[in-house]
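Reviewing the structure listed below.
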């Protein structure tokens, strides 16, 4: 089988950050790398789960809601894939930074986390989600569209 593009990135040199993984027509896939690959430090599932619920809810309630396709954790648990439609790198970066700030300061119930709304409602960690959002906000504070290439 043909190797997919994301497996061609040297994960030994990949740093935390936001990268453009691929473009398919009007859809951009962003590689949100929140942990160093192969470092032994990975996102735990309850943290990923809560981050995903918060991010998806905030993004889909933003001014960019029609451009949001998907946010979901990577299988390796080093970050997330974020898919957008018709957004520039600068717009996607600004939106992502804004959402990170909102998650880092979020107080309240995790959206969609009741038994009726979620297929694994007991596995959530709001404090963990806030922590990784705050950490990633620092990483992306001086990030630019030019840094978004692998």
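The values are calculated or read from the model by the stated rules, or taken from the named source; none is laboratory data. Here the structure is a predicted model, which means the values were calculated and not measured. Here Cβ is always computed from backbone atoms with ideal geometry, including for glycine, and neighbour counts include all displayed protein chains.
Brief remarks on what is shown
- Residue count for segment 53-78 under the criterion of being within 11 Å of residue 30 (Cβ to Cβ) and either in contact (Cβ under 8 Å) with a residue 60 or more places away in the chain or surrounded by fewer than 19 Cβ atoms within 10 Å (Cβ to Cβ) (or both): the result is 2.
- Selection status of residue 61, outside any helix (DSSP H, G or I) and farther than 19 Å from residue 138 by Cα: yes
- Some residue of segment 5-16 being in contact with a strand residue (DSSP E or B) (Cβ under 6 Å, 6 or more places away or on another chain), surrounded by fewer than 14 Cβ atoms within 10 Å (Cβ to Cβ) and assigned to a helix (DSSP H, G or I): yes
- The listed residues are 46, 50, 28, and the only one of them that is farther than 13 Å from residue 136 by Cα, more than 12 Å from the chain's Cα centre (by Cα), in a helix (DSSP H, G or I) and in contact (Cβ under 8 Å) with a residue 60 or more places away in the chain turns out to be 46.
- Check on residue 97, within 18 Å of residue 139 (Cα to Cα), in a loop (DSSP other than H, G, I, E, B) and either within 11 Å of the chain's Cα centre (by Cα) or at pLDDT 95 or above (or both): no
- Scanning segment 121-150 for residues that are touching a residue at least 60 places away in the same chain (Cβ under 8 Å), farther than 17 Å from residue 43 by Cα and assigned to a loop (DSSP other than H, G, I, E, B) yields a count of 3.
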